[in-house]
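The values are calculated or read from the model by the stated rules, or taken from the named source; none is laboratory data. Since the structure is predicted, the reported quantities are computational estimates derived from the model, not experimental observations. Methodologically, a virtual Cβ is constructed for each residue, glycine included, from the backbone with ideal geometry; neighbour enumeration extends over all protein chains shown. Note: areas computed on protein heavy atoms with side chains; ligands, DNA, RNA excluded. Shrake-Rupley method; radii C 1.70, N 1.55, O 1.52, S 1.80 Å.
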Amino acid sequence: HACAEAAAAAERAGVRDDLTLEHADFDHAPALEGTLPERGALVTDAPRAALFQGKARRRLYARFGERARALPRGWVLALASQDPRFARRTNLPLHVRLRSRDGAATVALMTPKEGR
């Protein structure tokens, strides 16, 4: 599970207490509810193509973009995806920062071109 791996890495780096790690639907993520701090990060690994197809996948990316645009300006955004073409559905100015292999798949890590 990605959150467990991230928590273990943060613990090794000595920053675990500085992080809130959650596995949740965008619409029900506790860390994105209520009054948000001025600074934070929204980092997500989009579901694999086998899990979401067609319209459901496009809606998921569009919803990520909506939630991301509603965050305070001091937040950092990052989206990992096997298919950067779907990232256009976020309507965010995303730019591929790096590509990596995840088993047989190539994954792109994207962040906004300017700021954030």
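Numbers for the structure displayed
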item: Residue satisfying all of: in segment 103-116; assigned to a loop (DSSP other than H, G, I, E, B) and farther than 16 Å from A41 by Cα; least open to solvent (accessible area, probe 1.4 Å) among these; result: G103
item: Odd one out for L79 among (1) closer than 24 Å to V96 by Cα; (2) open to solvent by 40 Å² or more (accessible area, probe 1.4 Å); (3) not in a helix (DSSP H, G or I); result: (2)
item: Of all residues in segment 14-29 being of a type in the set (D, E, K, R), in contact with a helix residue (DSSP H, G or I) (Cβ under 8 Å, 6 or more places away or on another chain) and at pLDDT 75 or above, the one that is surrounded by the fewest Cβ atoms within 10 Å (Cβ to Cβ); result: D18
item: Check on A6, out of contact with any Phe, Trp or Tyr (no Cβ under 8 Å at 6 or more places or on another chain), at pLDDT 80 or above and open to solvent by less than 60 Å² (accessible area, probe 1.4 Å); result: yes
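To keep it simple, each residue is scored yes or no on (1) in a loop (DSSP other than H, G, I, E, B); (2) free of Cβ contacts under 8 Å to residues at least 40 places away in the same chain.
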| site | (1), (2) |
| --- | --- |
| A41 | no, yes |
| F64 | no, yes |
| L71 | yes, yes |
| F86 | no, no |
| L92 | yes, yes |
| R101 | no, yes |
